[in-house]
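The values are calculated or read from the model by the stated rules, or taken from the named source; none is laboratory data. Please read all numbers here as calculations on a predicted model, not as lab measurements. Methodologically, a virtual Cβ is constructed for each residue, glycine included, from the backbone with ideal geometry; neighbour enumeration extends over all protein chains shown. Please note that ligands, DNA and RNA were not included when accessible areas were found on the heavy atoms of the full protein model with its side chains. Shrake-Rupley method; radii C 1.70, N 1.55, O 1.52, S 1.80 Å.
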Amino acid sequence: MDARELKIEAARVALTHVEDGMKLGIGTGTTAAEFVRLLAKRVAEGLRITGVATSERTAALCRELGVAVASLDDEPRLDLTIDGADEIDPALALVKGGGGALLREKIVASASARMIVIADRSKMVETLGHFPLPIEVNRFGLKATEIAIAEAAEKLGLAGPLTLRVTNGAPFVTDGGHFIVDASFGRIPETRALSDALNAIPGVVEHGLFLGLASAAVVAGADGVETVYPAR
């Protein structure tokens, strides 16, 4: 199977966890989009759910395909969120934000009783950090924030380029109106320490380390689909 087929298979298994009447957080990215397409078919067959989208583009896809969406203010407590990830470690710590929706993704995941991650097996890693860590930052004081990020990382023995994300020749702007800096630190052995250090920087709005949020990961590979739970 190619990469898209693997994403579809993971999404198909994750969909079995969706029950009638659920309030469902719906992620952003290519894997989440495959989930939305499968979900829409179930909705057309009579499944009743209320979706809360993690981005404007996911909300638009839901509406296009007939999946009812509400705001998180309308539905502030969710039963389940299903979303993709850029990296997943054995404890189900995640790197997310490759699709640019990490702030809303983390808010929605935190408002959910459970979060299931869907991915192909290439996203499973022993240690997070090969994928550059997305950091959502305020536009004001960008350079000062970048310096503070680099200094915080250095104290933890981390270094690497910080790259402002650019699309079509201009800085990428999130749904919340912020910029994203992609930090190529390499291996991040102390994810909690880095999370705390980034959270302490005033110009950092949010970062792509999702720690303690995923309750399971549905992972598709050439030999089938596996449901992975956090290593103890």
Of all accessible surface on the chain at a 1.4 Å probe, what whole percent is carbon and sulfur? 52
One quarter of the C-alpha convex hull surface, i.e. the mean projected area of region 74-145 in nm², amounts to 6.3
So, for the chain, what is the accessible surface per residue at a probe of 1.4 Å, expressed in square angstrom? 46
How big is region 41-122 in terms of Cα radius of gyration and Dmax, in angstroms? 13.2, 36
For the chain, longest principal axis from Cα atoms; helix 142-155 axis from its Cα atoms; angle between them, nearest 10 degrees, is 80
Based on Cα coordinates alone, diagonalise the gyration tensor for region 1-146, multiply each eigenvalue by 5, take square roots, and list the semi-axes in whole Å, largest first. 25, 19, 13
State the three equivalent ellipsoid semi-axes of region 18-89, derived from the C-alpha gyration tensor as the square roots of 5 times its eigenvalues, in descending order and whole Å. 17, 14, 12
Taking only DSSP H segments of four or more residues, each worth -39500 (n - 2.57), what value at 222 nm results for the chain once the sum is divided by all its residues, to the nearest 500 deg cm²/dmol? -9500 deg cm²/dmol
What do the square roots of 5 times the Cα gyration tensor eigenvalues come to for region 144-232, in whole Å, largest first, as semi-axes of the equivalent ellipsoid? 28, 19, 13
Note, ASP86: beta-carbon cut-off 12 Å, +1 each Lys/Arg, -1 each Asp/Glu, net -4
Subtracting the Cα-Cα distance of ARG77 and ASP223 from 0.36 nm times their residue separation yields 48.9 nm
